[in-house]
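Structure record follows, encoded as C-alpha cells.
The values are calculated or read from the model by the stated rules, or taken from the named source; none is laboratory data. What you see is a predicted model; the values in this text were computed from it and never measured. Please note: Cβ atoms are built from the backbone with ideal geometry, for glycine as well, and neighbour counts cover all protein chains shown. The area values use the complete protein model at the heavy-atom level, side chains included, leaving out ligands, DNA and RNA. Shrake-Rupley method; radii C 1.70, N 1.55, O 1.52, S 1.80 Å.
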Amino acid sequence: MKLLYLEIIETCIEAKSAYDAFFSDTLSKEFIDKFSKIGKVVYNEKIGSTYFRIIVRGKYTIKGFINSDNFRIMMADNLDNEYLYEIKQNIENITKS
Amino acid sequence: MIYLNNTATSYPKPSSVVNCIGDYLSNPPTNFGRNTNSTSKSIISDIRSSVLSFFEANDDYNIVFTSGSTESINMAIFGSNLIDGEVIISSAEHNSVIRSLMELKNRGKIELKIAQCNYNGSLDINSVQELLTNKTKMIVINHISNVTGNILDVKEISKLAKQNNILLLIDGSQSSGNIPINLNEINPDFFAFTSHKSLFGLQGSGGLIIRKDSQLGTFKYGGTGFKSNMLTQPEEFPHKYEAGTQNIPGILSLAKGIEFINEIGINNIIEHKKKLMLQIINEFEKNNNIKMYYDKNNYSWSVLSFNIGNLSPDEVSYILKGGYDIEVRAGVHCAPLIHHNIGTDPMGTVRVSPSIFTTEEEVAVLIEAVKLIASELV
C-alpha cells in the first residue's frame, strides 16, 4: 500500500482546505484502524461500504469509505504542509509495520 | 453512476447530439466566411431561425451565438450604455451577473442595487419596484434560480421595465429547456442562455437573444470573415457581435438538442421531472431532519436544494458519491446572495437535478441514501 498522490479540492467549503489522497490499493479496515494512534476513528457500517472518519482534534479530519482507493483530508486551519507531512509520515509508519 | 447534476451540465446527451459532433469532425470543415463552401452560412442561418422559434421570438429579435450565458451576460452588460446609472438585480443572481456588475461598480461606472428574495427564495416584484429611480438603466433578473428552482415573474418585471424605459436582461441559463419560453410575450431586451444545460448541447456554446432596437454596442472585436478589408468592426448583424471563429460544433449541438426537446415535447419533459421531483419531495417531507428550499407556488421541478440536519452539504455530497456513486452538487452553486435569504449561508445546499433520462429507480436510490444519512449521521 502506497500513497500515490494528493489532489487539492478547490470546491470544498466545509474546511479551510481539503485534499484527496489516492492510494495504490483499496483501503481496508485494518489499515484505517491503525490511525487510532493519531486520532479518534469512527465507523458507520450502514453507510456505503462502511464510512469512516478519523478525527484529529483541532488539526484535521480524514473521511472516506472502506474498499475505496482514496480518502479526503479536511484541514481545520492553515497549517497544510505541517499536517500533510504528519499524515504522510503516519501512512509510511503504518505500511512499514 | 447516478447522475443528478443536470443543472450544472446535462448528461447523458441525446445520441443525435453526440452523433452530430462526430459527423462534423469527420468531414471537411465549414467555417462561415473563411472558405468557399457557402453551406455553413445557410446551416447557421437555419439554426438562428430554429433557436428563435424555440424561444418564440419574432422578427423583433436577433440571436448572437456566444460561448455561453456568461459571455452573453457580459455582452449585454458591457455593450449597453449603463454609465452613471443604476442597475437592479435580484439576490437570486448567478456570479456571471454579480461579478460583471461588481466590476462596473468597482470602476465607479454604476450603482448596483439588490432586490432581496424572501425566506423560500421567491421574489416579490415590489422589492424590485421600490429600488427604481430615475437613474435606473437596467434590470438583470434570473428566470429560474439555479439554487431553488423557483420561477421568477419575468413577465411582470418586464412590464415594470418597459413602463420606466429601462433595459431588461434575463438570465435564462436554467429556464431554457426547463419551461416553455415565449419571448414575444415576456418582451425582454436581452435573453441570455447556454447550450450545455437543459438544451443538451456542448459546453462552450450558447447565445444572446437581443431586441433589434436595443442599440447594443460591440463587446468583442476581431475578424468575422466579412468585409475583411475594413479596419473597424462591421456594423452589420451578426458581424457586429460575432468576432472570431464560431463554435460550429457547439452551435450544431444546440440545434440538435433543441430538435430533441421538440421531438419529445417540453411539456412531457416537465411532467417527467415533476414526477421524479414529487417522488423525492414527498419522501423528504416525511423526514424532520431534511429541509428543502423552494417555493411550492412558483416551482419549476428542475432542481431541488436541501440540507440534512447540521451536516455540511459537502459532507452529504461526498457520502452520496463515495458510498452510492450518486453525482449531485454541494455548496453555494455560484449564487452566493440567495443563501442569505434562505438561511443556508455560508455552506450552501445539496442540489439534485434530474433530466429526461433519469429513472424512478435512480431517484429511489437517492431517497434511500439520503434517508439513511439523515438517520445515521444527524
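Residues in the range A:13-23: is at least one over 11 Å from the mean Cα position of the chain (by Cα), away from chain B (no Cβ under 11 Å) and either surrounded by fewer than 16 Cβ atoms within 10 Å (Cβ to Cβ) or of a type in the set (Ser, Thr, Tyr) (or both)? So that I can check it myself, show each step before the final result.
Pass one, the range A:13-23, residues over 11 Å from the mean Cα position of the chain (by Cα): A:13-17.
Still in the list and also away from chain B (no Cβ under 11 Å): A:16-17.
Remaining after also requiring either surrounded by fewer than 16 Cβ atoms within 10 Å (Cβ to Cβ) or of a type in the set (Ser, Thr, Tyr) (or both): A:16-17.
Yes, the range A:13-23 contains a residue that is over 11 Å from the mean Cα position of the chain (by Cα), away from chain B (no Cβ under 11 Å) and either surrounded by fewer than 16 Cβ atoms within 10 Å (Cβ to Cβ) or of a type in the set (Ser, Thr, Tyr) (or both).
I need the full set of residues from the range A:69-97 which are surrounded by 19 or more Cβ atoms within 10 Å (Cβ to Cβ), within 14 Å of another protein chain (Cβ to nearest Cβ) and not in a strand (DSSP E or B), in order please.
none
Output the qualifying pairs, or none if there are none: Cβ atoms under 6 angstrom, residues six or more apart or on different chains, first residue in the range B:178-194 and acidic (Asp, Glu), second residue surrounded by 21 or more Cβ atoms within 10 Å (Cβ to Cβ).
Within 6 Å, the pairs are B:Asp189/B:Leu167; B:Asp189/B:Leu168.
Of the residues B:Asn297, B:Asn267, B:Asn289, which is of a type in the set (S, T, N, Q) and in contact with a helix residue (DSSP H, G or I) (Cβ under 9 Å, 6 or more places away or on another chain)?
Working: B:Asn297 fails: in contact with a helix residue (DSSP H, G or I) (Cβ under 9 Å, 6 or more places away or on another chain); B:Asn267 fails: in contact with a helix residue (DSSP H, G or I) (Cβ under 9 Å, 6 or more places away or on another chain).
Selected residue: B:Asn289, the only one of B:Asn297, B:Asn267, B:Asn289 that is of a type in the set (S, T, N, Q) and in contact with a helix residue (DSSP H, G or I) (Cβ under 9 Å, 6 or more places away or on another chain).
If you take the residues of the range B:285-300 that are open to solvent by less than 50 Å² (accessible area, probe 1.4 Å) and of a type outside the set (Val, Ile, Thr), which of them is nearest to the chain's Cα centre (by Cα)?
Top of the filtered list is B:Ser300.
Working only within the range B:160-185, note down all residues that are under 16 Å from the mean Cα position of the chain (by Cα), hydrophobic (A, V, I, L, M, F, W, C) and within 19 Å of B:His94 (Cβ to Cβ).
B:Leu168, B:Leu169, B:Ile170, B:Ile179, B:Ile181
Quick test for you: out of B:Gly309, B:Gly244, pick the one residue that is open to solvent by 20 Å² or more (accessible area, probe 1.4 Å) and more than 30 Å from B:Val365 (Cβ to Cβ).
Numbers: B:Gly309 fails: more than 30 Å from B:Val365 (Cβ to Cβ).
Within the list B:Gly309, B:Gly244, the selection yields B:Gly244.
Show the residue pairs meeting these rules: Cβ distance below 6 Å; 6+ apart or different chains; first residue within the range B:268-297 and closer than 18 Å to B:Ile342 by Cα; second residue in a helix (DSSP H, G or I) and not β-branched (Val, Ile, Thr).
From residues that are closer than 18 Å to B:Ile342 by Cα, the pairs are B:Asn289/B:Ala374; B:Ile290/B:Phe284; B:Ile290/B:Ala374; B:Met292/B:Phe284.
For the range B:336-359, what are the residues that are in a loop (DSSP other than H, G, I, E, B), within 12 Å of chain A (Cβ to nearest Cβ) and of a type outside the set (S, T, N, Q)? Walk me through it before giving the result.
Narrowing the range B:336-359 to residues in a loop (DSSP other than H, G, I, E, B): B:336-337, B:343-348, B:354-359.
Filter once more, keeping what is within 12 Å of chain A (Cβ to nearest Cβ): B:336, B:344-348.
B:Pro336, B:Asp345, B:Pro346, B:Met347, B:Gly348 - these are the residues of the range B:336-359 that are in a loop (DSSP other than H, G, I, E, B), within 12 Å of chain A (Cβ to nearest Cβ) and of a type outside the set (S, T, N, Q).
Residue-by-condition table, conditions (1) part of a loop (DSSP other than H, G, I, E, B); (2) of a type in the set (A, V, I, L, M); (3) out of contact with any helix residue (DSSP H, G or I) (no Cβ under 6 Å at 6 or more places or on another chain):
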residue: B:Ser100; (1), (2), (3): no, no, no
residue: B:Leu104; (1), (2), (3): no, yes, yes
residue: B:Leu112; (1), (2), (3): no, yes, no
residue: B:Gly121; (1), (2), (3): yes, no, no
residue: B:Thr133; (1), (2), (3): yes, no, yes
residue: B:Met138; (1), (2), (3): no, yes, yes
residue: B:Thr148; (1), (2), (3): yes, no, yes
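Please count how many residues of the range A:35-47 are away from every other protein chain (no Cβ under 12 Å) and crowded, with 16+ Cβ neighbours inside 10 Å.
Residues flagged as away from every other protein chain (no Cβ under 12 Å) and crowded, with 16+ Cβ neighbours inside 10 Å within the range A:35-47 amount to 4.
Output the residues belonging to the range A:48-68 that are buried (at least 19 other Cβ atoms within 10 Å of the Cβ) and away from chain B (no Cβ under 14 Å).
Matches in the range A:48-68: A:Ile54, A:Tyr60.
Specify the residue that is farthest from the other protein chains (Cβ to nearest Cβ); the eligible residues are those in the range B:297-315 that are closer than 24 Å to A:Arg72 by Cα and among the aliphatic types (A, V, I, L, M).
Checking each candidate, the answer is B:Ile308.
For residues that are more than 10 Å from chain B (Cβ to nearest Cβ), under 18 Å from A:Met75 (Cα atoms) and not in a loop (DSSP other than H, G, I, E, B), tally how many sit in the range A:1-12.
Step one: list which residues in the range A:1-12 are more than 10 Å from chain B (Cβ to nearest Cβ), which gives A:1-8, A:10.
From the residues that got through so far, the ones that are under 18 Å from A:Met75 (Cα atoms) too are A:5-8, A:10.
Now restrict to residues that are not in a loop (DSSP other than H, G, I, E, B): A:5-8.
Number of matching residues: 4.
For the range B:81-115, what are the residues that are open to solvent by less than 60 Å² (accessible area, probe 1.4 Å) and among the charged types (D, E, K, R)?
Within the range B:81-115, B:Glu86, B:Glu93, B:Lys113 meet the criteria.
Kindly indicate whether any position in the range B:316-327 is within 13 Å of chain A (Cβ to nearest Cβ), surrounded by 22 or more Cβ atoms within 10 Å (Cβ to Cβ) and either part of a loop (DSSP other than H, G, I, E, B) or not hydrophobic (A, V, I, L, M, F, W, C) (or both).
yes
If a residue has to be more than 14 Å from A:Asn90 (Cα to Cα) and not in a helix (DSSP H, G or I) to count, how many in the range A:28-39 make the cut?
Number satisfying all stated conditions: 1.
Are there any pairs with C-beta distances below 7 angstrom linking a residue in the range A:2-16 that is closer than 30 Å to A:Ser97 by Cα to a residue that is part of a loop (DSSP other than H, G, I, E, B), with the two at least 6 apart or on different chains, and if so which?
If the second residue must be part of a loop (DSSP other than H, G, I, E, B), the pairs left are A:Lys2/A:Ser24; A:Leu4/A:Ser24.
For B:Ser253, are the conditions met, namely being of a type in the set (Gly, Ala, Ser) and surrounded by fewer than 18 Cβ atoms within 10 Å (Cβ to Cβ)?
Numbers: of a type in the set (Gly, Ala, Ser): yes; surrounded by fewer than 18 Cβ atoms within 10 Å (Cβ to Cβ): no.
The answer is no for B:Ser253.
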